[in-house]
Amino acid sequence: MASIKDVAAEAGVSVATVSRVLNDHPSVSAEARTRVLAAVETMGYRPNAVARSLRTDQTRTLGLVISDVMNPYFTELARFVEEEARALGYSVIIGNADERPDLQDHHVRTLLDRRIDGLLVSPTDGGSPLMLDAARAGTPMVFVDRWIPGVEVPVVRADGQAAVRDLVAHLYGLGHRRLAIIAGPAATTTGRERVEAFREALAEHGLVLPGSYTGQGDFQVESGRRVTEGFLDLAEPPEVVFAADNLMALGALDAVRARGLRVPDDLALAAFDDIRWFVHTDPPITAIAQPTGELGRAAVRALVDRIEGRPGESVTLPARLVVRRSCGENPTPVQRSTT
């Protein structure tokens, strides 16, 4: 790759002259400018973005720290973030926290050291002093999906409360009365919210959520498997397990199959965070879908607003229930051609 010194040698000018041309400085003669631009074109030289950022105080780069890159929901979210950022002239550097607060803070610190223009974070927990310090220091920041109470930055998220209410009403209508939940980490806002929404929705139908029907997971497959095994060992197992994220739902499905049981005949299953795979399981899984694309795009727009001096706004979008066949629903009739 050609350097600025190579361009200067090709054009027969000093490195300082090349720098002036690249920065559109008026002190360069027309003849020297022509030679430099011709050399740049011939040699395929591209200015160093980091060096340029030292002059402009802007890198046109965003940082994105997601909770778990192995979770298809966050993978899809990252895709839409990158697409929207590119459309607005920004690049994205992604860090995977793997649901670990220490790794999350490592990525945040590294991205800030690299002088990114702004930061998108889906926090792994609510106790990161680093995030609070960054916000107080004026770092343009937006929380997406999850947030940290007390850190005053815009939050772009889906509200799943109505969708959880729809799910419980749907399950109740199917005749289910013993409903259990695999909860996410209590340290996360989404972990707490989904359990509370589930409990409140049950109460609307005169149902309670016993402690034995509340299992503590960590948004990972293994915890879904472990909690479901515990449910199945109860003297009176639940009729339905609601997993508070997609990976725990897949773990629950593994646990049921490992016992030689079937969904929904022996245990019904529903999930928060719909993913493409759920239509390919047997049976397809009933799930609550978040508007992932809209969330990713809205988060980038809110962050760019803050970077460019405009007030970035928080955005809350509705989640929705997607009914399939994992809770004992009747299969959708096959439409046959009449021709």
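The values are calculated or read from the model by the stated rules, or taken from the named source; none is laboratory data. Keep in mind it's a predicted model, so treat the numbers as computed, not measured. Here the Cβ is made from the backbone with ideal geometry for all residues, glycine too, and neighbour counts use every protein chain on show. In case anyone asks, the SASA skips ligands and DNA or RNA and just uses the protein heavy atoms, side chains included. Shrake-Rupley method; radii C 1.70, N 1.55, O 1.52, S 1.80 Å.
Screening the stretch 310-328 for residues that are of a type in the set (D, E, K, R) and modelled with pLDDT of 95 or more and picking the one that is least open to solvent (accessible area, probe 1.4 Å) gives ARG324. Entry remark, the stretch 265-274: residues being in contact (Cβ under 8 Å) with a residue 40 or more places away in the chain, in a loop (DSSP other than H, G, I, E, B) and touching a Leu at 6+ places or on another chain (Cβ under 9 Å) number 1 in total. Filtering the stretch 170-211 to residues that are of a type in the set (S, T, N, Q) and out of contact with any Pro (no Cβ under 8 Å at 6 or more places or on another chain) leaves only THR190.
Residues that are at pLDDT below 90 and not hydroxyl-bearing (Ser, Thr, Tyr) occur at least once in the stretch 57-66.
Screening MET248 on (1) under 22 Å from ASN71 (Cα atoms); (2) touching a Cys at 6+ places or on another chain (Cβ under 8 Å); (3) of a type outside the set (S, T, N, Q) shows it passes everything except condition (2). Here TRP277 passes the criteria (1) out of contact with any Asp or Glu (no Cβ under 9 Å at 6 or more places or on another chain); (2) open to solvent by less than 40 Å² (accessible area, probe 1.4 Å); (3) at pLDDT below 95 except the one numbered (2). In contact with a helix residue (DSSP H, G or I) (Cβ under 8 Å, 6 or more places away or on another chain), part of a helix (DSSP H, G or I), of a type in the set (A, V, I, L, M) and more than 26 Å from PRO318 (Cα to Cα), is that true of ALA255? Here the answer is yes, as ALA255 does meet what is asked. Comparison of GLU196, GLU222, GLU229 shows that the only residue that is over 27 Å from ILE66 (Cβ atoms) and among the acidic types (Asp, Glu) is GLU229. With respect to (1) modelled with pLDDT of 95 or more; (2) open to solvent by less than 100 Å² (accessible area, probe 1.4 Å), the lone exception for ILE307 is condition (1). Within the stretch 258-274, the set of residues being open to solvent by 20 Å² or more (accessible area, probe 1.4 Å), within 17 Å of GLY328 (Cβ to Cβ) and not acidic (Asp, Glu) comprises LEU261, ARG262, PRO264.
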